[in-house]
Amino acid sequence: MEQQWDDTRNIMLPPIAPLHDPKHILRERMKGERRYAAKARPDAAKHAATHFLSAIEIKDGAIVSLYHPMRDELDTEPLAAALIERGIEIALPVVARRKQPLVFRRYVPGDDLVKGSYGELIPADDAPERRPDILVVPLLAFTRAGGRLGYGGSYYDRTLATLRETGAPLAIGYAYGAQEVDALPLTRLDQPLDWVVTERGAIRC
């Protein structure tokens, strides 16, 4: 795109910005929706954990990956506590390399955590790697058909695509009910969710 010349001020103006990506616009809107929901429903995480345990079948020996919440993400601590009480092993995602699938490392509450590439808390490098059978996935927006709007890095999409090549991991969106939308601007690279769990209930996609 060509630069424009402003004769009145004798300076070069930047090119006219293209129209915003619809995903970017929706992300900004849904950040606000999630922020409002987090303030309005401080008990949401406890209800979501109850719905999760009631709806999701967890086989003996299964490994469940959670996420350490950032900003206004739905808290996973009540779910983690309930899973551990049932003897279920937990892992947390780690960005080992940019634009590559996530790595998962074992996590036991009380373990020391360090800051990851994006400021998230992750297990230390000496924590054993695990392959999760169930992935509890953060998001900004979801549809009942299993559409998911993430943060734009595509880490979970790459990860699910890789895991699904050699197995059938269960992908479960974990969010506030207010993050539901009717439709999303998805592409063929966006990996679908199998379930979505919110404080309102569990949705099989």
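The values are calculated or read from the model by the stated rules, or taken from the named source; none is laboratory data. Bear in mind that the values here come from a model prediction, so they are computed numbers and not experimental data. We place every Cβ from the backbone using ideal geometry, glycine too, and count neighbours over all the protein chains shown.
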Given the conditions (1) of a type outside the set (A, V, I, L, M); (2) within 21 Å of A45 (Cβ to Cβ); (3) at pLDDT 95 or above, every one holds for E120 apart from (3)
Filter the stretch 182-205 for residues that are buried (at least 17 other Cβ atoms within 10 Å of the Cβ) and hydrophobic (A, V, I, L, M, F, W, C); the one that is nearest to G152 (Cα to Cα) is L184
With the first residue restricted to the stretch 67-90 and required to be more than 20 Å from Y118 (Cβ to Cβ) and in contact (Cβ under 8 Å) with a residue 40 or more places away in the chain, and the second required to be in a loop (DSSP other than H, G, I, E, B) and of a type outside the set (D, E, K, R), Cβ contacts under 7 Å at 6 or more apart or on different chains are L79/L66
Within the stretch 161-175, the count of residues that are in contact with a Phe, Trp or Tyr (Cβ under 9 Å, 6 or more places away or on another chain) and crowded, with 20+ Cβ neighbours inside 10 Å comes to 5
Of the conditions (1) part of a loop (DSSP other than H, G, I, E, B); (2) more than 9 Å from the chain's Cα centre (by Cα), the single one that Y151 does not satisfy is (2)
Condition test on I172, is it more than 15 Å from Y67 (Cβ to Cβ), in contact (Cβ under 8 Å) with a residue 24 or more places away in the chain, of a type outside the set (D, E) and in a strand (DSSP E or B)? no
Those residues of the stretch 1-45 which are modelled with pLDDT under 80 and either aromatic (F, W, Y) or within 19 Å of T76 (Cβ to Cβ) (or both) amount to W5
Just one listed residue, out of A171, A178, A145, is under 11 Å from the mean Cα position of the chain (by Cα) and modelled with pLDDT of 95 or more, and it is A171
Buried (at least 19 other Cβ atoms within 10 Å of the Cβ) and either over 12 Å from the mean Cα position of the chain (by Cα) or free of Cβ contacts under 8 Å to residues at least 40 places away in the same chain (or both): does that describe L121? no
By residue number, the members of the stretch 50-80 that are out of contact with any Lys or Arg (no Cβ under 9 Å at 6 or more places or on another chain) and exposed (fewer than 14 other Cβ atoms within 10 Å of the Cβ) are S54, E57, K59, D60, G61, M70
